[in-house]
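Participant: Before we start, here is the structure in question, set down as structure tokens.
The values are calculated or read from the model by the stated rules, or taken from the named source; none is laboratory data. Note that the structure is a prediction, hence the values are computed from the model and not measured. Virtual Cβ from ideal backbone geometry, glycine too; neighbours counted across all protein chains shown. Side chains included, ligands, DNA and RNA excluded: accessible areas come from the protein's heavy atoms. Shrake-Rupley method; radii C 1.70, N 1.55, O 1.52, S 1.80 Å.
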Amino acid sequence: MPKEFDFDKEFENMMTSNKLDTVVLLGHINPDGDAAGSVMGLAHYIKVNYPQYEVLPYLADTIDKGPNKIIKTDKVFNPFEKPNVEGKKFAVIVCDNAVIVRMAGREYYEAATASMVIDHHASNEGYGNINYTKVSEACAENVFYILDKNSLEKATTLELHPTAADYIYLGIIQDTGGLARAKESTLYAVMTLQGIGVKHSDIMKTMHNDMLESLQKKALLLNKAFCVLDGKVAYVCVDQKESKEKEIRYEDIHPIAEILRDCEDIELSFTMYEEAENKWRCSFRSDGEWIDVNELLTPFGGGGHAAAAGLKKTTDDVEKLREAIFERIKDLRE
Ligand SMILES: [Mn+2]
């Protein structure tokens, strides 16, 4: 089957026709495992197969903890150092980034002689000299399918772990929720990557980042959950006094709404956190259908998506705010 997009052909053509010898690889701000896996996978692939070029991957250091476990052990690149391209002409390859404003290292993109974009977001703006966007579960899956399989295998045999294949696998694992959302094409990709040396269990370690202390904090917060409206709505509320006493930060309460929402018996969940006196930061989760939480929060001045939305409110009567939210839930359910 001919490739939809032949990376090697496009890449070689971009470099030679512009007489370039340097390529910078970029992802999105607050990079996740898919952005990191796509950028680093391609960087290693180019490094091995095109030794005539200088390869400079760059990732923002606000990277998620899981993927960073792999990057920390990289023997070739340190992507958190800003590439030095002073006085050089270079190309950029941007991965997993839908819109220019969300790019980390945008100044490189602006200064580049030529650019290539590899993405999987339906919302991709179509920027760049070459733009290959195919909607899929993970950008790294697209990266897998556009590469030459023999060259990818070569890249994995000539390097120590983590290799190009490890990184592509990382991106796929992270963006599919550990293969929970895997399609047939995803499984074919992971099977092939395992065949050329990726150890599934090693990459899966990037999915589990809880420390005992953070689990205990989650337990403490879950113990505070109240169920209302026939047990279908659950919430956790933490005021300033309690957050100081028990050292509960916003990052601690942030995952709680999602955990509650995913409970079989709960349809809608939310958390309320007093981040400064009378300043409440609330986050709401549902399946997007039982209740559209964006619609739910509109009259209160909040919003977001159908299944995930937020509200920031200044009030000295949080109970009253909560009662008003319950009333609105009842109205919308009728
Ligand atoms: Mn992605």
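Participant: One quarter of the convex hull surface, Cα atoms only: what value does that give for segment 230-294 in nm²?
Facilitator: Approximately 4.7 nm², given one-decimal rounding.
Participant: Rolling a 1.4 angstrom probe over the protein heavy atoms, how many square angstrom per residue are accessible across segment 43-116? The partial results should precede the final answer.
Facilitator: Numbers: 3420 Å² over 74 residues.
Dividing the accessible area of segment 43-116 by its residue count gives 46 Å².
Participant: Related question: For the chain, what are Rg and Dmax over the alpha carbons, in angstrom?
Facilitator: So, for the chain, Rg and Dmax equal 22.8, 68 Å respectively.
Participant: If you don't mind, there's one more thing I want to ask. Please report the projected area of segment 10-137's Cα convex hull averaged over all directions, in nm².
Facilitator: So the mean shadow area of the Cα hull is 7.4 nm².
Participant: Hey, how many Å between the Cα centroid of segment 234-296 and the Cα centroid of segment 205-232?
Facilitator: Segment 234-296 and segment 205-232 have Cα centres spaced 11 Å from each other.
Participant: Of all DSSP beta bridges located in segment 7-207, what percent are antiparallel, nearest 5?
Facilitator: 5 percent
Participant: Another question about this same structure. Of the cross-linked pairs Lys205/Lys330; Lys88/Lys205; Lys3/Lys199; Lys183/Lys330; Lys69/Lys217; Lys244/Lys312, which ones have a Cα-Cα span greater than 31 Å in the structure shown?
Facilitator: Those over the limit are Lys205/Lys330; Lys88/Lys205; Lys183/Lys330.
Participant: While we're on this one: Which peptide among 7-16, 132-141 comes first, and what is the full order, when sorted by highest mean count of other Cβ atoms within 10 Å?
Facilitator: 132-141, 7-16
Participant: So if I restrict to the alpha-carbon atoms in segment 91-225, what is the Rg, and what is Dmax, the biggest pairwise distance, in Å?
Facilitator: That works out to 17.8, 56 Å for Rg and Dmax.
Participant: Leaving ligands, DNA and RNA out of it, report the carbon-plus-sulfur percent of the accessible area of segment 246-334 at a 1.4 Å probe.
Facilitator: 42 percent
Participant: Continuing with this model, one more query. Given the Cα-Cα distance of Asn13 and Leu229 and 0.36 nm per residue of separation, how much length would full extension add, in nm?
Facilitator: Using 0.36 nm per residue and subtracting the Cα-Cα distance, I get 71.6 nm.
Participant: For Asp262 paired with Asn30, estimate the spin-label separation in nm (one decimal), with each label point 7 Å from Cα along the Cα-to-Cβ line.
Facilitator: 1.8 nm
Participant: With 10 Å bins from zero, work out the P(r) of segment 213-333 over every alpha carbon pair and list the percent per bin.
Facilitator: Going out from 0 Å in 10 Å bins, segment 213-333 shows 14, 49, 33, 4 percent.
Participant: Another question, then. Carbon and sulfur atoms: what percent of the 1.4 Å accessible area of segment 1-137 do they account for?
Facilitator: Reported share for carbon and sulfur atoms: 48 percent.
Participant: OK, next. Quick check: the distance between the Cα centres of segment 157-180 and segment 56-121, to the nearest angstrom?
Facilitator: So the two Cα centres are separated by 17 Å.
Participant: With a probe of 1.4 Å, find how much accessible area segment 213-333 has per residue, and write the answer as a whole number in Å².
Facilitator: The answer is 55 Å² per residue.
Participant: Continuing with the same structure: Using per-residue counts of other Cβ atoms within 10 Å, averaged over each peptide, order 157-170, 41-54 from highest down.
Facilitator: Ranking, from highest mean packing down: 157-170, 41-54.
Participant: Roughly how many debye, to the nearest 20, is the charge dipole of segment 213-333 about its Cα centre, given +1 on each Lys and Arg Cβ, -1 on each Asp and Glu Cβ, and no other charges?
Facilitator: The dipole of segment 213-333 has a size of about 220 debye.
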